[in-house]
């Protein structure tokens, strides 16, 4: 396990995309990526981005997360060539086509982009979490937002522990 020549070669040459792809293949985890919608994803998002449902499965164990793609890679079309003006995934109607151009950087999330973002360590207590990430809690809203993010990280860490062995988690921690 984790010893395929291709995986070791990718790791040696810091090819993170291949490293992530072969990591999952070598341990028998299936990666699925399904477009969900274009919307604001994170608490403080000011612009929309593509959101995907990512499913990692291994036998009867399944982990599902919503993944917010980067702004640059979101939307098959950008309004005026600028994602801040709007993104769409369907071809715009002909009468509005002149104000939209094809996004040459559009792509779906890869195994690497998802694995690099997973919670790969125990987040500890809420106090540890806000201290480690240097959260500033100055209102009820910021406290509730931090609590929501903390609970999501705790759940994700539990899902990671359910899907991967301790040895695999250590290897996963190397994929950044």
**Study point:** Identity of the residue in the range 37-58, over 21 Å from residue 159 (Cα atoms) and touching a strand residue (DSSP E or B) at 6+ places or on another chain (Cβ under 7 Å), that ends up surrounded by the most Cβ atoms within 10 Å (Cβ to Cβ)
**Key:** 50
Exercise for review: Select from the range 89-118 the residues that are modelled with pLDDT under 85 and buried (at least 17 other Cβ atoms within 10 Å of the Cβ) and write down the one among them that is farthest from residue 18 (Cα to Cα).
Suggested key: 100
Check your understanding: So which pairs qualify, if the first residue must be in the range 17-28 and in contact (Cβ under 8 Å) with a residue 40 or more places away in the chain, the second must be surrounded by 21 or more Cβ atoms within 10 Å (Cβ to Cβ) and in a helix (DSSP H, G or I), the Cβ gap must be under 6 Å, and the two must be at least 6 apart or on different chains?
Key -> 20/111; 20/115; 21/111; 24/111
**Study point:** Of all residues in the range 135-176 being modelled with pLDDT of 90 or more, under 18 Å from the mean Cα position of the chain (by Cα) and in a loop (DSSP other than H, G, I, E, B), the one that is farthest from residue 64 (Cα to Cα)
**Key:** 173
Exercise for review: Note down all Cβ pairs under 9 Å where the first residue falls in the range 37-49 and is farther than 18 Å from residue 76 by Cα, the second is modelled with pLDDT under 80, and they're at least six residues apart or on different chains.
Suggested key: 46/84
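The values are calculated or read from the model by the stated rules, or taken from the named source; none is laboratory data. It should be emphasised that the depicted structure is a prediction, and the values quoted were computed from it without experimental measurement. Heads up, the Cβs are rebuilt from the backbone with ideal geometry, glycines too, and the neighbour counts pull from every protein chain shown.
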